[in-house]
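Read the figures in this text as sums done on the coordinates, not as results from a lab. Since we're looking at a predicted model, the values are computed, not measured. Neighbour counts run over all protein chains shown; Cβ positions are idealised from the backbone, glycine included.
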Amino acid sequence: MQYPDPNSDRRDGEELSVRLAAWAEDVAAALHEKYGAAVELEVGAMPYPIPDSHPAWRTLPDTRADSLGLSVEPVSPLSVPSGMTTTATVRVRNHGEVPRFLSTNGHLQSAVVDDAGRVVGGYVGAQHLPHVGFVVEPARSTEVPVLVGTDSVAPELGYAVPPGHWGLVVVLDTDQGKTVSLPMPLEVTPAPSRERA
């Protein structure tokens with residue numbers, strides 16, 4: 001996901017930083033065994049190895065989308081392999097009487113939540129930042145892409161949100177401020193097996 005330019009000038013003893021995808025824990029283990037503290041490693045959203053305490057990832061908006069007359073529903077069942085990222089499509093419906101404007105970078109942002117509504121994962125990494133707006137007219141709906149990531153932010157789960165049934169909340173950046181949808185069902189499936197080179 002991120003690594004230093006091998007041609008860049010570095011001072012003696014300067015630590016290198018490498019960021020790996022959430023599914024690459026075995027790669028991190030091999031790098032850590034070979035280079036130890038000389039290479040700072042991140043896997044998904046967390047350092048490798050996972051420290052005893054890890055700061056909160058991010059908080060969700062306090063305002064619920066339904067307070068602005070908006071609701072979000074999946075166009076098709078939401079599913080993503082553990083440790084992977086995908087783009088899905090959701091339908092944003094405006095139950096109000098005025099148009100709502102959504103600001104995005106081409107897709108909505110989301111977070112994976114547990115049964116208690118606690119954020120346990122999401123996409124962590126660089127994104128393109130074009131401004132792409134969507135208008136949701138009154139009593140109408142608009143289909144919008146959403147980025148769905150399974151990088152774990154809960155140390156007890158490991159580096160990737162494990163397979164199982166979770167919730168997905170979508171953050172809507174509206175003309176009235178940021179809001180969050182109610183959780184929608186999300187199935188995290190087992191990661192595909194990878195052949196070693």
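Return the single residue from 122, 36, 158 with maximal mean-square fluctuation; model: Gaussian network over the chain, springs between Cα atoms under 10 Å. It is 36. Can you give the helix-only mean residue ellipticity at 222 nm for the chain, where every DSSP H stretch with n ≥ 4 adds -39500 (n - 2.57) and the sum goes over all residues, rounded to the nearest 500 deg cm²/dmol? Mean residue ellipticity, 222 nm, calculated: -1500 deg cm²/dmol.
Residue by residue, segment 144-160 carries 3J(HN,Hα) couplings of 9, x, 9, 8, 10, x, 10, 5, 6, 10, 10, x, 5, 8, x, 7, 10 Hz when phi is fed to the Karplus relation 6.51 cos²θ - 1.76 cosθ + 1.60 (θ = phi - 60°); x denotes Gly or Pro. The amide H of residue 120, built 1.01 Å from its N in the peptide plane, has 112, 113, 114 as neighbours under 5 Å, considering only residues 5 or more places off or on other chains. Projecting the Cα atoms of 166, 180, 113 onto the charge dipole of the chain (Cβ charges, centred on the Cα centre) puts 180 farthest toward the positive pole. Going by a ≥ b ≥ c, the root eigenvalues of the Cα gyration tensor, does segment 110-170 fall in the rounded group (a/c under 1.5), the prolate group (a/b larger than b/c) or the oblate group? Here segment 110-170 falls in the oblate category. Distances between placed amide hydrogens fall under 5 Å for residue 184 paired with 168, 169, all partners being 5 or more residues away or on another chain. When the alpha-carbon atoms of the chain are used, the pair Rg, Dmax equals 18.9, 63 angstrom. Of 67, 181, 82, the residue with the greatest mean-square motion in the GNM of the chain, using alpha carbon springs below 10 Å, is 67. Look at where the Cα atoms of segment 155-173 and of segment 67-129 average out, and the two centres are 12 Å apart.
In the Gaussian network model of the chain, springs joining C-alpha atoms below 10 Å, which of 41, 16, 186 carries the largest mean-square fluctuation? It is 16. Extension gain for residue 140-residue 182 works out to 13.3 nm (0.36 nm per residue, less the C-alpha to C-alpha distance).
Applying the Karplus relation 6.51 cos²θ - 1.76 cosθ + 1.60 with θ = phi - 60° to segment 178-189 yields 3J(HN,Hα) values of 7, 9, 10, 6, 5, x, 10, x, 10, 9, 9, 9 Hz, where x marks Gly and Pro.
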